[in-house]
1. If TRP43 satisfies every condition in (1) in contact with a Phe, Trp or Tyr (Cβ under 6 Å, 6 or more places away or on another chain); (2) surrounded by 16 or more Cβ atoms within 10 Å (Cβ to Cβ) but one, which is the exception?
2. Regarding THR12, is this residue surrounded by fewer than 18 Cβ atoms within 10 Å (Cβ to Cβ), of a type in the set (S, T, N, Q) and at pLDDT below 95?
3. With the condition kept exactly as written, say whether any residue in the stretch 55-76 is farther than 23 Å from PRO117 by Cα and crowded, with 18+ Cβ neighbours inside 10 Å.
4. Of the residues TRP43, TRP21, which single one is on the phi > 0 side of the Ramachandran plot, of a type outside the set (S, T, N, Q) and under 16 Å from the mean Cα position of the chain (by Cα)?
5. Within the stretch 85-96, is even one residue loosely packed, with under 13 Cβ neighbours inside 10 Å, part of a strand (DSSP E or B) and at pLDDT below 95?
6. Let me confirm something: among GLU44, GLU68, which residue is out of contact with any Gly (no Cβ under 8 Å at 6 or more places or on another chain), part of a loop (DSSP other than H, G, I, E, B) and either among the aliphatic types (A, V, I, L, M) or farther than 17 Å from ILE13 by Cα (or both)?
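The values are calculated or read from the model by the stated rules, or taken from the named source; none is laboratory data. Please read these numbers as outputs of a predicted model, since none were measured by experiment. We place every Cβ from the backbone using ideal geometry, glycine too, and count neighbours over all the protein chains shown.
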Amino acid sequence: MPHGYTSESSSTIAGSAAAVWEALTNPDLAREYFWGAQVATTWEEGSPITFQGEFKGTRYLEKGTILEFTPERTLRYTHWSDLEGIPDVPENYRTWTFQLHGQGDSVRLSVSEENIPTEPQKLRSGEFWREVLTTIKRIVEPT
């Protein structure tokens with residue numbers, strides 16, 4: 001059964017939708033904002049996505065399925081992490097959605113995480129996404 005919490009964050013990034021999209025879908029760039037995780041996927045709807053890395057000395061595997069891939073507009077996939085210590089069953093997967101909205105010479109990048117089980121986890125999720133968006137902004141914006 002789905003859980004009731006959703007986390008939402010957004011940031012305005014000076015740059016093109018193409019540059020923001022590249023940051024979202026290039027595994028080398030994703031490694032920068034996902035704390036060194038190796039991201040692997042074909043980006044085709046219905047295909048798997050995996051994240052592998054090490055967090056505080058513990059190796060982890062996170063995985064999901066690409067639900068929507070509309071270049072320079074929407075990226076949506078499910079996500080489950082073995083770090084959470086919960087069973088790998090459909091009801092424990094969260095949905096991560098990235099949406100890009102052009103605003104002249106900038107892009108509004110919004111991210112939501114759905115199906116969060118508890119309010120404290122929702123708060124942690126908000127902190128996580130704020131850090132991710134700050135790093136994506138640093139990657140994309142010219143120096």
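1. Unmet condition: (2).
2. In short, no.
3. Yes: the stretch 55-76 contains one or more residues that are farther than 23 Å from PRO117 by Cα and crowded, with 18+ Cβ neighbours inside 10 Å.
4. TRP43 is the lone residue from the list that is on the phi > 0 side of the Ramachandran plot, of a type outside the set (S, T, N, Q) and under 16 Å from the mean Cα position of the chain (by Cα).
5. Within the stretch 85-96, none of the residues are loosely packed, with under 13 Cβ neighbours inside 10 Å, part of a strand (DSSP E or B) and at pLDDT below 95.
6. One residue alone meets the criteria, GLU44.
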